[in-house]
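Below is one structure, written out as structure tokens, with a few remarks after it.
The values are calculated or read from the model by the stated rules, or taken from the named source; none is laboratory data. Here the structure is a predicted model, which means the values were calculated and not measured. In this analysis, Cβ positions are derived from the backbone assuming ideal geometry, glycine residues included, and neighbour counts consider all displayed protein chains.
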Amino acid sequence: MKRWLIWVVLGMSLVSLSAQGEYGDVVLNRYADKAGVRPVVFPHWFHRLRFTCNVCHAEGGFKMRAGSNDITMGEIVDGKFCGMCHNGEIAWSAEFCHRCHSGRPGLAGGFYGSQDPSGPSGGGDFYQRRH
Ligand code: HEC
Ligand code: HEC
Ligand code: HEC
């Protein structure tokens with residue numbers, strides 16, 4: 001491969017990585033609002049630092065597209081999705097509703113935050129965290 005081509009390919013993969021927004025938070029709101037609870041704010045970066053992608057995106061069954069996962073509390077309590085860790089053993093359990101349901105009511109599902117590969121810059125005032 002010619003040298004310039006390598007740089008083009010590298011450049012494109014960096015752009016597509018950041019465009020996919022791995023560095024911010026993902027808001028999950030397929031059901032939450034309709035069910036009368038706050039949308040879920042999932043800190044992707046926080047989890048990425050602690051686990052490999054495969055733990056969630058292969059074994060955990062999370063599809064790699066914001067908004068594409070169909071998740072109910074029943075499944076979480078049964079140990080699926082977030083519940084494979086938030087079970088009181090690997091991480092705090094599903095009783096702590098507000099730690100996950102921390103988004104401002106009406107907040108649309110999707111990716112929020114920095115697309116800067118150097119890391120997260122916080123989600124600004126898009127949502128309210130528990131702190
Ligand atoms: C570890 C994170 C987490 C915790 C803790 C948690 N939830 Fe959820 N919950 C989710 C996710 C993710 C969804 C799916 C959100 C969506 O797509 O709308 C969800 C969805 C829901 C829904 C809508 C879907 C359904 O199953 O009816 C309700 C209602 C709900 N949660 C209530 C609660 C209550 C009440 C608690 C505390 C007893 C709680 N949640 C704790 C992550 C969590
Ligand atoms: C603790 C679980 C977990 C880990 C670890 C994890 N992810 Fe994710 N990822 C998620 C969840 C949950 C979503 C949001 C899915 C949704 O909204 O339905 C997501 C969404 C994504 C998206 C879609 C973003 C968008 O804007 O559509 C990409 C891309 C992604 N992850 C890549 C990665 C990569 C690459 C790694 C490893 C470096 C990784 N994830 C590690 C759980 C995880
Ligand atoms: C592969 C394991 C794993 C999965 C899957 C997972 N988490 Fe976590 N999560 C953790 C661990 C470990 C912590 C740190 C717990 C602690 O500090 O005690 C954590 C912490 C958090 C925090 C607090 C972050 C902070 O800033 O302190 C939130 C919010 C959270 N998880 C939400 C979720 C939601 C929502 C899902 C599902 C969409 C999910 N998690 C799936 C392991 C996981």
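Out of (1) more than 9 Å from ligand 2 (Cβ to nearest atom); (2) within 12 Å of the chain's Cα centre (by Cα); (3) of a type outside the set (Gly, Ala, Ser); (4) at pLDDT 95 or above, the odd one out for residue 112 is which? Among (1) more than 9 Å from ligand 2 (Cβ to nearest atom); (2) within 12 Å of the chain's Cα centre (by Cα); (3) of a type outside the set (Gly, Ala, Ser); (4) at pLDDT 95 or above, residue 112 violates only (4). Look at (1) within 10 Å of ligand 1 (Cβ to nearest atom); (2) surrounded by 13 or more Cβ atoms within 10 Å (Cβ to Cβ); (3) in a loop (DSSP other than H, G, I, E, B); (4) not small (Gly, Ala, Ser) and you find that residue 95 fails only one, number (2).
Of all residues in region 34-51, those satisfying the criterion of being among the aliphatic types (A, V, I, L, M) and within 11 Å of ligand 3 (Cβ to nearest atom) are 40, 41, 49. Of all residues in region 52-82, those satisfying the criterion of being over 18 Å from residue 27 (Cβ atoms), near ligand 3 (Cβ under 9 Å from one of its atoms) and surrounded by 13 or more Cβ atoms within 10 Å (Cβ to Cβ) are 55, 60. For residue 51, the requirement of being modelled with pLDDT of 90 or more, among the aromatic types (Phe, Trp, Tyr) and touching a His at 6+ places or on another chain (Cβ under 9 Å) is not met. Only residues that are of a type outside the set (Lys, Arg) and surrounded by 13 or more Cβ atoms within 10 Å (Cβ to Cβ) were counted in region 35-50, giving 9. Restricting attention to region 83-92, the residues that are surrounded by 14 or more Cβ atoms within 10 Å (Cβ to Cβ) and near ligand 3 (Cβ under 7 Å from one of its atoms) add up to 4.
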